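Please read the structure below before turning to the comments.
The values are calculated or read from the model by the stated rules, or taken from the named source; none is laboratory data. The structure displayed is predicted, hence computed values, not measured ones. Note: ideal-geometry Cβ built from the backbone for every residue, glycine included; neighbour counts use all protein chains shown. Accessible surface areas use protein heavy atoms only, side chains included; no ligands, DNA or RNA. Shrake-Rupley method; radii C 1.70, N 1.55, O 1.52, S 1.80 Å.
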Amino acid sequence: MSAPQPLTPGVGTASAKLVERQAGSPTGAWRPGDEPGNRRFLEIGDLTLESGEVLPSTVLAFETWGELAPAADNAVLILHALTGDSHVTGPAGPGHPTPGWWDTLIGPGRAVDTERYFVVAANILGGCQGSTGPSSTAPDGRPWGSRFPWLTTRDQVEAETLLADALGIRTFHLVIGASLGGHRAVEWGASHPERVRNLALVATGASTTADQLAWCHLQELAIVGDPFFLDGDYYSHSVGPVRGLGLARAIAHTTYRSAAELDARFGRRHQGEEDPAVGGRYQIESYLDHHSGKLISRFDANTYLIVTHSMMVHDVGTGRGGTEAGLGRVTARTLVVDVDSDRLFLPEQAEQLAKGIPNARRATIRSLHGHDGFLIEAEQMDRILRDFLEEDEA
C-alpha cells in the first residue's frame, strides 16, 4: 500500500510563524565586564523605595554631553521611554548596540545644543543597561531575578535626584521626557518643583488609562507565559524567555504606530514568496518579528516587567488629593506635546496635562506614524522645542 499523501497545510502549521529566537544568553542586559561605552556609573548605596523596602547597593548608569556651567544653570535632563536607555545621542559602537535614540534633537546645533547645555541621561532604575535592575548582582552574589522589588515612577525619580546631587545640579534648566519618560518628567515637576525651571512632556500622560493598562497586561502575560521565564530566575539557564519578550515587544509596537501608517506601508502584501493562505506571513507580521528580534538582543524580560509595572501604577495624583492637585504642584514653565495620530497616549491626556499645569502651553506634532511620531518627525519636534527654549531666553 502506498504511503498517504500529505494534506494541504492546516492549522498545525501555524507554529511555523514562530521565528526562531536564540539570544546569545538568556538576557540582552548589559553586565559588568561588558564594554561600558560612554556609560558612567554612580553608586547611590541603599535606596528606600516608596513601598518601604530598601534596595541595597544601588547603581545608576548614565551619560553626559557638554560642560556644566560655573553657575550650574545649563543642565538638561533627558528621560527615556520603556525600552530606551542612557544612549540618547551618538553613534552605535562598543557598548552601544544602537545609535542614540533622540540623535535628531540632542547634539551640536540642535534644539538641545550640547555646545551650550550640559545634558544628562540615566538608564532608568530597574533597567538593564547598567543601572541596578533584576539582572544585576544582589548582595549575595546571585542575580536579583525574582527577588527584585517592584518600583514606582517616584522611586525612579528619587534615584535621579541623587544623580543630580552628585553632579552638582540643584536646578535643571530643562527636564524633558517622552512616553514613559514623560511619566518621570511630570513626577519631577510635581515632586521637586524647585528643581525644574522648564518642563517638556511629550506624548505622555498624568496617569495610566484603562486602555494602556490593558495593553500592558497583555505584554506581561506574554513574558510570564513563556516556559523559559522560570518565575524570573532564568539567568543561569542557556535560554531565557526570549519568545515572550519578543511577543511583548510586538504587542507594544502595534500601539506605537498608527493603523493608517501600517495600512499604507504594508497593506495586505505577502512577505516574499510566503503565501498566507497556507500559513505564510504577511509583510506586517514580518515587520513585527523584525522589531521583536532587535529588542531581545539588548533587553531583559524581567526589566520589561519592572518598568511596565511602574508605568501601570503611575498617577501623579496618588497621595496628593487627585490628579488635578498633583498637576497643580508643578511650577515649571511647561510645554505639552502630543502626536495627532497617537493611539497609545491620546490627545485627551495632553489636554489634561495642559489644563492641569498652571500656564502650560501645548503643541501638536502632525504625523501619520502614531506614537512614534515624536521620534520620527524630527523637524517638527526640533522646531517646537527650540521655540519653547528661545521664548524662555527672550
Worksheet item: On a 0 to 90 degree scale, rounded to 10, what angle separates helix 347-356 from the longest Cα axis of the chain?
Response: 20
Item to complete: Pick out, from ALA214, GLY37, MET311, the residue whose Cα sits farthest towards the positive end of the charge dipole of the chain, with +1 on the Cβ of Lys and Arg and -1 on the Cβ of Asp and Glu.
Response: ALA214
Worksheet item: By DSSP, what percent of the beta bridges with both residues in the chain are antiparallel, rounded to the nearest 5?
Response: 35
Response to the item:
By the Cα gyration tensor axes a ≥ b ≥ c (a/c under 1.5 gives rounded; else a/b larger than b/c gives prolate, otherwise oblate), the shape of the chain is prolate
Worksheet entry | Surface/4 of the Cα convex hull for the stretch 199-293, nm² | 9.4
Item to complete: Using only Cα atoms, find the angle between the long axis of helix 301-312 and the longest principal axis of the chain, and express it within 0 to 90 degrees, rounded to the nearest 10.
Response: 50
Fill in: Under 10 Å, Cβ to Cβ, from VAL88 - net charge with Lys/Arg +1 and Asp/Glu -1
-3
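What dipole magnitude, in Debye to the nearest 20, does the stretch 117-210 give about its Cα centre under +1 on Lys/Arg Cβ and -1 on Asp/Glu Cβ?
Dipole about the Cα centre, nearest 20: 80 debye.
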Worksheet item: Rounded to a whole number, what % of the accessible area of the stretch 123-189 do carbon and sulfur atoms account for, probe 1.4 Å?
Response: 54
Discussion item. Tell me the per residue accessible area of the stretch 23-145 using a 1.4 Å probe; a whole number in Å² is fine.
Written reply: 40
Worksheet item: So, in Å, what gap is there between the alpha-carbon centers of the stretch 278-310 and the stretch 346-382?
Response: 26
Worksheet item: Tell me, what is a quarter of the convex hull surface for the C-alpha atoms of the stretch 40-94, in nm² with one decimal?
Response: 6.0
Worksheet, complete the sentence: For the stretch 75-195, one quarter of the surface area of the C-alpha convex hull, expressed in nm², comes to 8.3
Discussion item. If I fit a long axis through the Cα atoms of helix 378-393 and take the longest principal axis of the Cα atoms of the chain, what angle between them do I get, 0 to 90°, rounded to 10?
Written reply: 10
Item to complete: Please list 313-322, 64-73 highest first by mean number of surrounding beta-carbon atoms within 10 Å per residue.
Response: 313-322, 64-73
